[in-house]
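Worksheet: the structure to be examined is printed underneath.
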Amino acid sequence: MMFISLSLFFACSGKSSDTGSDSDTGSDTSADALFAGLDFILIESEGYTPVSETITLGFPSETEFQFSGGCNSFFGEFDVDGDTFIASSIGGTEMGCDTDLMTEDDWLANFFSSSPTFDFQESSLSFENEGVTLTFGDRETLIPDASFEETLWIIDTYIEGEVASAYNLTTTPSVQFGSDGSIDLNTGCNGGFGEYSLDGNSLSVTMTAYTDAFCDDEDGQAAESIIVSVFMGPTVEVELNENRLTLTNGSRGISAYASE
């Protein structure tokens, strides 16, 4: 089983008090407000060769940002002073990964903490410092969301409260939502069929048939318990992001990726 914990990773001081300064974007609106709520993916790198195939960057609010390579996920606060990006309070998950990927985690955290200059042009955002330029493109345009319906979703993450876990299972659980309103669920030990309806981000499920085999290993029992509790609730919250689907019911949830 693998647990993901959060810890303070990096912090820097010197945050600018000039929160209302404009960047070189040709707008009277401050740059932090302009790209708040947007998500980006690295499309070009000059002066640095990325290890990870995908490096992402997002701005959940006017003062928060997050980024991720091929290993851990990081988050922090930011401000802008003219065309200078000022990051602070960077923290992240602590998952053990390949050494090169973990080294890249450190490099990215230090790069964003180095007060790089930036250039924001609608669907692209670039950062430059000490001979390195990272250019990010609009993530939604580059990687559209997978279809919720008729996609085989492979369940690989199990959520209980603030803890996300992965289990080493003999049979990989999955779920598929048919365009006719049917649901086909495989927990790894048992299978179930039923009906569903989706209203915005709220999913309602009614299981009409479910096998009752015994999971003969502890991890299989734990995984099945979480899966069943998610689908047996009255309403399930849905989050679809590119090829990743997350379903939560109260404090429990599952996350799955789209099978190719």
(request) Would you mind listing the strands (runs of 3 or more DSSP E) fully within the range 118-207 where at least 3 residues are of a type in the set (A, V, I, L, M, F, W, C)? (result) 132-138, 152-160, 163-166
(request) Tell me which residues, restricted to the range 127-165, are in contact with an Asp or Glu (Cβ under 6 Å, 6 or more places away or on another chain) and at pLDDT 90 or above. (result) THR133, THR135
(message) Looking at the range 114-137, can you tell me whether even one residue there is within 27 Å of ASN243 (Cβ to Cβ) and under 17 Å from the mean Cα position of the chain (by Cα)?
(response) yes
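Given LEU240, LEU245, which one is surrounded by 15 or more Cβ atoms within 10 Å (Cβ to Cβ) and modelled with pLDDT under 95?
Values: LEU245 fails: modelled with pLDDT under 95.
Result of the check over LEU240, LEU245: LEU240.
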(message) Here is a check on your reading of the model: is ASP219 surrounded by fewer than 17 Cβ atoms within 10 Å (Cβ to Cβ) and of a type outside the set (A, V, I, L, M)?
(response) no
(request) Please work out which one of (1) free of Cβ contacts under 8 Å to residues at least 40 places away in the same chain; (2) small (Gly, Ala, Ser); (3) under 30 Å from SER45 (Cβ atoms) is the condition GLY178 fails and give its number. (result) (3)
(request) Filter the range 63-80 for residues that are surrounded by 18 or more Cβ atoms within 10 Å (Cβ to Cβ) and under 19 Å from PHE118 (Cα atoms) and give the result. (result) PHE65, PHE67, SER68, PHE75, GLY76, PHE78, ASP79, VAL80
(request) Could you figure out which of (1) at pLDDT 95 or above; (2) surrounded by 15 or more Cβ atoms within 10 Å (Cβ to Cβ); (3) among the hydroxyl-bearing types (Ser, Thr, Tyr); (4) in contact with a Gly (Cβ under 8 Å, 6 or more places away or on another chain) isn't true of SER255? (result) (4)
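The values are calculated or read from the model by the stated rules, or taken from the named source; none is laboratory data. These figures come from a predicted structure and were not determined experimentally. Note: ideal-geometry Cβ built from the backbone for every residue, glycine included; neighbour counts use all protein chains shown.
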